[in-house]
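A.B. asks: This is the structure I want to talk about, given as structure tokens.
The values are calculated or read from the model by the stated rules, or taken from the named source; none is laboratory data. Please read these numbers as outputs of a predicted model, since none were measured by experiment. Surface accessibility is based on the protein's heavy atoms, side chains included, excluding ligands, DNA and RNA. Shrake-Rupley method; radii C 1.70, N 1.55, O 1.52, S 1.80 Å.
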Amino acid sequence: MARADTSALHAALIEHRGRLLRFLAARGAGEEAEDVLQDLWQKLAAAPDRPVADPVSYLFRAAENHMRDIRRATVSRDRRQLDWHEAGDRPEDAPAGERALIAREQLARVEAALAKLGARVEHCFRRYRLDGVGQADIARELGISLSSVEKDLTKAYRMLAELRERMNTE
């Protein structure tokens, strides 16, 4: 199989980078045009090479096709999410009081399980997941290493996954 001249495509990409970015932005990439162009180049560089008569036209056609693929993927993802949302429990499906009671019971189980892991693990989890504090900041607050914070969060996540599994099987 003949190998395309990727150096010609690369040279055309470098020379017409600004035009390609504007082209992608105008076709829906917006501020993500740089990322889309990078994805496009990786896709082209990984594809089997073949002779390209006009590298500039080839790049613009590939950019248009790539944007079309992105739009299709977005529409498909949105459709799946909408279908999933519509298939889920609706508020009218279960009495509000029952749902609230179940949620309170589950929250109590989570809080009890977190407390069993120890005060430091609970503190790290709450600060990181609920308060939005960075892991490095938590480590400084507690005077421990970043690795310790990461390990504590891993313990909490593992416990939550196990608890979720138990609650789903009940």
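A.B. asks: Can you give me the Cα centroid spacing of region 123-158 and region 107-121 in angstrom?
C.D. replies: 14 Å
A.B. asks: Can you give the accessible area per residue of region 33-170, in Å², using a 1.4 Å probe?
C.D. replies: On the way: 9660 Å² over 138 residues.
Spelled out: the 1.4 Å probe surface of region 33-170, per residue, equals 70 Å².
A.B. asks: Normalising by the residue count of the chain, find the relative contact order in percent from Cα pairs under 8 Å and 6+ residues apart. Please list the in-between numbers first.
C.D. replies: Working: 95 pairs, mean separation 29.6, N = 170.
Dividing the mean separation by the residue count of the chain yields 17 percent.
A.B. asks: Can you give me the Cα centroid spacing of region 1-59 and region 66-83 in angstrom?
C.D. replies: 22 Å
A.B. asks: Summarise the accessible area of region 1-81 (1.4 Å probe, protein heavy atoms) by the percent that is carbon and sulfur. Please list the in-between numbers first.
C.D. replies: Working: 2780 of 5400 Å².
Its accessible area is 51 percent carbon and sulfur atoms.
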